[in-house]
Amino acid sequence: FMRVRDLMSYPIATVRPEDSVLTAVKRMAGERKGSVLVARDCLLKECLGIVTTSQIFLKVFAEGRDPAQVTVSEIMTAGPLVSIDLDASTAEAARLMREHNIRRLPVLKEGALVGIITSKDLLACVK
């Protein structure tokens, strides 16, 4: 069976909690990601949260707020996030996503953040 390590992406796009949402948008655009993980000083040991394009749309743009004036910490989904181990099966990743109604799982190795796996990654392995 396939493991999470076979499909996950890394390096991970990260921002700091004190960064502006504009910084997050630029990072996501530059790396063509639909989300960024939030970590202090971009140290991947602890994941403080996640910011997705839909959150930015709903909590910033839809409310007419200036993304340069809103911090990531104001709109992020704060941790602890649902995550998965590097060596878990892709079936387990899919189960967690369904159970928690989420599309992205931070991937951990011995508690440290090493990647992210998304529902798109899982769909890519379906022939």
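The values are calculated or read from the model by the stated rules, or taken from the named source; none is laboratory data. For clarity, every value in this text was computed on a predicted model and none was experimentally measured. All Cβ positions, glycine included, derive from the backbone under ideal geometry; neighbour counts span all protein chains shown. Side chains are part of the model used for accessible areas, which takes the heavy atoms of the whole protein and leaves out ligands, DNA and RNA. Shrake-Rupley method; radii C 1.70, N 1.55, O 1.52, S 1.80 Å.
A few points about this structure:
- Remark: the chain carries a charge dipole of roughly 380 debye about the Cα centre, counting +1 on each Lys and Arg Cβ and -1 on each Asp and Glu Cβ.
- Non-local lysine pairs in the chain, meaning eight or more places apart or on different chains, with alpha-carbon distances under 25 Å, amount to 12.
- If you take the Cα centroid of segment 48-65 and the Cα centroid of segment 87-110, the two points sit 23 Å apart.
- Read-out Rg and Dmax of the Cα atoms in Å, derived from the coordinates shown; its label in [x] 16.5, 58; [y] 14.8, 43; [z] 14.5, 47: [z]
- With every protein chain in place, the chain: carbon and sulfur % of accessible area (1.4 Å): 54 percent
- About its Cα centre, segment 1-76 has a charge dipole of approximately 280 debye under the convention of +1 per Lys or Arg Cβ and -1 per Asp or Glu Cβ, with nothing else charged.
- Entry comment: accessible area of the chain is 58 Å² per residue, from protein heavy atoms only and a probe of 1.4 Å.
- Seen against the Cα atoms of the chain and their longest principal axis, helix 90-100 is set at about 50 degrees.
- Contact order relative to length of the chain, as percent, for alpha carbon pairs under 8 angstrom and 6 or more apart: 30 percent
- Residues of segment 1-41 with amide N under 13 Å of a point placed 7 Å along Cα→Cβ from D87: 3-5
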